[in-house]
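Here's the structure we're looking at; comments come further down.
Just so you know, all these numbers are worked out from the coordinates, no wet-lab data involved. Computed from a predicted model, the values in this text were never measured in an experiment. Here the Cβ is made from the backbone with ideal geometry for all residues, glycine too, and neighbour counts use every protein chain on show.
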Amino acid sequence: MTHPVVSRAEWLKARLALLAEEKALTRRSDELARQRQTLPWVRVDKPYRFETEDGPASLADLFDGRSQLMVYHFMFGPDYEAGCPSCSAIADGFDASVVHLANHDVTLTAVSRAPLAKLHAYQRRMGWSFPWASSQGSDFNFDFNVSFSEAQQRTGTVDYNYEIAGHALDIKPAPEPVVQFAAMCGTNAATYALDRPGLSTFVLEDGVVYHAYSTYTRGVDGLWGMYQWLDRAPKGRNEQDLWFRRHDEYPRAAE
């Protein structure tokens with residue numbers, strides 16, 4: 001055993017010191033949430049079109065009668081054979097939240113560039129029911145910096161997470177985890193990296209849609225329920241390699 005083992009009194013002293021730090025972080029997080037809510041909005045005039053299970057839809061239609069819309073940018077490019085495993089792990093928690101958000105004037109939907117039939121087939125495989133729209137043929141993903149052209153990739157001008165070519169998906173040659181994830185999606189690393197994860201939020205007021213907020217990479221960590229649990233586990237994330245899979249790909253013995 002390499003971890004310190006102490007008396008209950010010593011543990012309590014250390015725990016109370018950590019509690020003070022946790023409370024400070026909570027207060028800071030609350031303040032950041034207030035700052036997000038005070039960000040200025042950008043009017044969205046472009047007529048984006050989506051394919052949904054109810055037929056063609058505009059961005060305003062995706063609000064589904066509510067005033068707030070949260071879009072999870074799910075990595076599922078048109079040439080993928082399956083959704084990104086990381087996005088899939090995050091999306092495993094969506095169904096439990098959709099109904100609560102809907103009853104608080106917020107619609108949550110995923111949006112991907114893959115054709116709708118491919119999204120629906122994968123959704124059935126995963127057992128999900130949350131709304132999922134296809135933006136295939138639309139500029140939506142490109143305008144909100146979660147999809148990129150081969151020319152951008154080739155010239156190193158991918159602008160993701162508010163910086164140019166600064167993400168692991170932009171490294172050449174591709175790191176082994178990227179290669180593995182790409183293979184799990186039935187494609188190669190370069191094609192896999194043309195799409196990225198993120199979250200964008202919108203407001204609908206007097207018939208006008210406004211963009212309020214977007215976040216990427218570690219900015220979506222808070223949506224990833226699995227990691228919220230692991231961050232409180234005795235050994236934390238404890239990641240030595242690419243350990244997680246889609247929920248239907250684990251050995252049954254691990255259930």
task: Of all alpha-carbon pairs in the stretch 94-212, indicate the percentage at a distance above 26 angstrom.
output: 30 percent
message: Please rank Tyr216, Tyr227, Tyr80, Tyr210, fewest neighbouring Cβ atoms within 10 Å first, as an exposure proxy.
response: Tyr210, Tyr227, Tyr216, Tyr80
query: Where does the chain land at 222 nm, in deg cm²/dmol rounded to the nearest 500, when only DSSP H runs of n ≥ 4 count, each adding -39500 (n - 2.57), divided by all residues?
result: -9500 deg cm²/dmol
Given charges at beta-carbon only (K, R positive; D, E negative), |dipole| of the chain in Debye: 800 debye
Rounded D (µm²/s) - the stretch 138-180, Kirkwood Rh over Cα pairs, Stokes-Einstein at 10 °C, 1.306 mPa s: 144 µm²/s
query: Which of Lys46, Lys13, Lys23 moves most in a GNM of the chain, Cα contacts under 10 Å?
result: Lys13
field: GNM flexibility winner over the chain from Glu22, Glu51, Glu239 (Cα, springs under 10 Å)
entry: Glu22
query: Tell me, what is a quarter of the convex hull surface for the C-alpha atoms of the stretch 1-76, in nm² with one decimal?
result: 10.9 nm²
task: Taking the Cβ of Arg27 as the centre, find all other residues whose Cβ is under 12 Å away and add up their charges (Lys, Arg: +1; Asp, Glu: -1).
output: -1
task: For the chain, just list the percent of Cα-Cα distances falling in each 5 Å bin from zero outward, please.
output: 1, 5, 11, 15, 18, 15, 13, 10, 6, 3, 2, 1, 0
- request: Add +1 for every Lys or Arg and -1 for every Asp or Glu among the other residues with Cβ under 12 Å from the Cβ of Lys118, and state the total.
  value: 0
- request: Find the cysteines in the chain that fail to meet the 4.7 Å Cβ criterion with every other cysteine, and list them.
  value: Cys185
task: Take the stretch 1-42, compute every pairwise Cα distance, and split them into 10 Å bins from 0; I just need the percent in each bin.
output: 24, 27, 22, 16, 9, 3
query: Just Gly198, Gly186, Gly77 to compare: in a GNM of the chain, with alpha carbon springs under 10 Å, which one fluctuates most?
result: Gly186
query: Counting only complete DSSP H runs, which helices of the chain cover 24 Å or more along their long axis at the Cα atoms and score a mean Kyte-Doolittle of -1.0 or above?
result: 8-37
message: Using the Cα centre of the stretch 121-249 as origin and beta-carbon charges of +1 (Lys, Arg) and -1 (Asp, Glu), tell me which of Leu169, Ser135, Leu204 is placed farthest towards the positive end of the dipole.
response: Leu169
message: Sort Val44, Val146, Val179, Val99 by Cβ crowding within 10 Å, fewest neighbours at the top.
response: Val99, Val179, Val44, Val146
